[in-house]
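Structure, as C-alpha cells:
The values are calculated or read from the model by the stated rules, or taken from the named source; none is laboratory data. Just so we're clear, the structure is a prediction, and the values are computed from it rather than from any experiment. Note that we place each Cβ from the backbone using ideal geometry, even for glycine, and neighbour counts take in every protein chain shown.
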Amino acid sequence: MPPSPARVRITTQGEVAVVTLTRAERHNGMDFAMLDEVVRAQRAVRRLRDVRAVVLAGEGPSFCAGLDFKTALASPVRAVLRYPQLFWPFRNRFQQWSLGWRDLGVPVIAAIHGNCFGAGLQLALGADVRFCTPDASLSVMEAKWGLIPDMGGAVLLRELVRVDVAKELTLTGRVVTGAQAAELGLVTHLADDPMAAALALAAEIATRSPDAVAAGKQLLQQAYGPGQRSVERAERWWQRRLLGFANFRIAVRRNQTGREQPYARRRLGR
C-alpha cells in the first residue's frame, strides 16, 4: 500500500513557523495519520531555534472539520489499537493534539476560517490566541457522535468560558458563528483575513524578549489552569465509558445514515 500523502506542512516566514493542515479535500478532517503528523510537527517546531512564534492554519475551505469518522472507522484494527491510550496514566496522543502546543516556549496563534468542529476546535483552543472570520462555523461537536471533547477540550474550555456556557456547548454540539464565538470568548479576535492578522501579531511578539515571552506564557497557563493533570485524567476516564457502547454506536449510525434511531436507556453518572 502506498504511503498516505502528507497531512501537515511546516514553512517559515522569517521568525514565524506556519503549520498548515493540508487535507483540503476533506476540509482537513483529522484521521490517525494527521494526528500523528501534528504531534510530530510540535516536536519539529520545538527544534527550530530561530522561530519566535507559530501560526496554525488550514488549507482549503476550512481550518479543520473535526475527526474524519469515515476514514477512522474504515480501519477498525487501527482504531482498536488506539483505544488503550485511554488507559494511559498520563497525557495520550489525542490530548497531545491540542495540549502539546501549550508546551512550546513560543506563542501559538490559530487562524480559523470555514469549519472548525470537534477535534478542529480542540486544536484551535490549544493555541494561545485565536483569530477567526466572522462567518466561520465552530462547534464542540463530540456529543453528536456520542462522545465527549476528550482531546484536551475540558482543560481548554474552562480557561475561556463560564462553566454553564461550556456545558451548553458540550451537551448540544451546537454550531456557532465566528462572531458568536467571539462573544462567548472561544476566539480572541475577529478578522476578515485571520492569517494576515496572526502573522502581524506574531511579528509584534517577536520584538519582545524571547525569555519573557516563554516565561509569561507558562506562568499564565499555570495561574489560570490549576489541576490540569486531573482534568486530563477525567477526560480519559469518561471517554472510556462511551466508546464502543450502545449509545455511541447508535450516534454513529444516526450521523452516517441520517435516520433518527432512539438511544438506549443507559445513562451514566446517576
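Each residue in the stretch 233-256 was checked for being in contact with a helix residue (DSSP H, G or I) (Cβ under 9 Å, 6 or more places away or on another chain), under 30 Å from GLY105 (Cβ atoms) and either of a type in the set (Gly, Ala, Ser) or modelled with pLDDT under 80 (or both), and 3 of them qualify. Between a residue in the stretch 32-44 that is free of Cβ contacts under 8 Å to residues at least 60 places away in the same chain and any residue that is assigned to a helix (DSSP H, G or I) and among the basic types (Lys, Arg), which pairs come within a Cβ distance under 7 Å, given they are 6 or more apart or on different chains? These pairs meet every condition: PHE32/ARG78; PHE32/ARG82.
Applying the criterion of at least 1 residues that are buried (at least 19 other Cβ atoms within 10 Å of the Cβ), touching a Lys or Arg at 6+ places or on another chain (Cβ under 9 Å) and free of Cβ contacts under 8 Å to residues at least 40 places away in the same chain to the helices (runs of 4 or more DSSP H) found wholly in the stretch 110-200 leaves 163-172. With respect to the conditions (1) more than 18 Å from ILE109 (Cα to Cα); (2) part of a helix (DSSP H, G or I); (3) in contact (Cβ under 8 Å) with a residue 24 or more places away in the chain, GLN218 lacks only one, and its number is (1).
Let's see how each residue does on (1) touching a Gly at 6+ places or on another chain (Cβ under 6 Å); (2) among the polar types (S, T, N, Q):
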position	(1), (2)
GLU159	yes, no
ALA179	no, no
ALA182	no, no
THR188	no, yes
ALA202	no, no
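If the condition is being at pLDDT 95 or above, surrounded by fewer than 19 Cβ atoms within 10 Å (Cβ to Cβ), outside any loop (DSSP other than H, G, I, E, B) and not charged (D, E, K, R), then the stretch 14-44 contributes ALA24, VAL39, ALA44. For the stretch 154-205, the set of residues classified as among the hydroxyl-bearing types (Ser, Thr, Tyr) and more than 14 Å from ILE109 (Cβ to Cβ) consists of THR170, THR172, THR177, listed by residue number. With respect to ARG130, determine if the residue is basic (Lys, Arg) and more than 15 Å from VAL19 (Cβ to Cβ). For ARG130, the condition - basic (Lys, Arg) and more than 15 Å from VAL19 (Cβ to Cβ) - is not met. Do we find a residue being in a helix (DSSP H, G or I), touching a residue at least 24 places away in the same chain (Cβ under 8 Å) and basic (Lys, Arg) anywhere in the stretch 250-268? Taking every residue of the stretch 250-268 in turn, none turns out to be in a helix (DSSP H, G or I), touching a residue at least 24 places away in the same chain (Cβ under 8 Å) and basic (Lys, Arg).
Scanning the stretch 201-233 for residues that are of a type in the set (Val, Ile, Thr), within 22 Å of the chain's Cα centre (by Cα) and loosely packed, with under 11 Cβ neighbours inside 10 Å yields a count of 0. State all residues of the stretch 18-31 that are out of contact with any Leu (no Cβ under 9 Å at 6 or more places or on another chain) and among the hydrophobic types (A, V, I, L, M, F, W, C); if no residue qualifies, say none. Residue satisfying the conditions is ALA24 alone.
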